[in-house]
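The values are calculated or read from the model by the stated rules, or taken from the named source; none is laboratory data. Small disclaimer: the values here were computed from a predicted structure and weren't measured. Backbone-built Cβ (ideal geometry, glycine too); neighbour counts: all protein chains shown.
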Amino acid sequence: MLELHFTCPKQGKKFRSAQWSVDPDLETVTTADGRKHLRGLVRVPCPFCDEPHAYAPDQLACPLQAPNTYPTSNSQPPTSDF
C-alpha cells in the first residue's frame, strides 16, 4: 500500500505510514464551479501517541510530492541573475 504523510496533532511530529484506511462513506463532491474534492476521513494509528487520528483528504500532502517541498501561499519562483 502507498505510504502517506501525516502529522500527529498532539505532538506535532511528522510520520509516514501505509497503515491508513479510508472511511467507507468517502465520496467525490463537485462544487458549483466544477471543482472536485473528496469528502470523508482517512484514519491512521499514530506511532508517537499510540492513538488513532482522522484526517480530511485535503489535510494530507500529495503522496507523489517529495517531503518538505510543500508549496506555500507566499512562495515566489526563484530569481535568476542571468
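Summary of computed values
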| read-out | value |
| --- | --- |
| Residue within segment 24-45 that is out of contact with any strand residue (DSSP E or B) (no Cβ under 9 Å at 6 or more places or on another chain), at negative phi and surrounded by 10 or more Cβ atoms within 10 Å (Cβ to Cβ) present | no |
| Residue that is farthest from the chain's Cα centre (by Cα), among those in segment 19-30 that are modelled with pLDDT of 95 or more and in a loop (DSSP other than H, G, I, E, B) | 19 |
| Residue 37, sole failed condition from (1) part of a strand (DSSP E or B); (2) at pLDDT 95 or above; (3) not β-branched (Val, Ile, Thr) | (2) |
| Residue list for segment 22-55, restricted to those being of a type in the set (S, T, N, Q) and touching a Leu at 6+ places or on another chain (Cβ under 9 Å) | 28 |
| Residue match in segment 29-43 (condition: touching a Lys or Arg at 6+ places or on another chain (Cβ under 7 Å) and without any contact (Cβ under 8 Å) to a residue 12 or more places away in the chain) | yes |
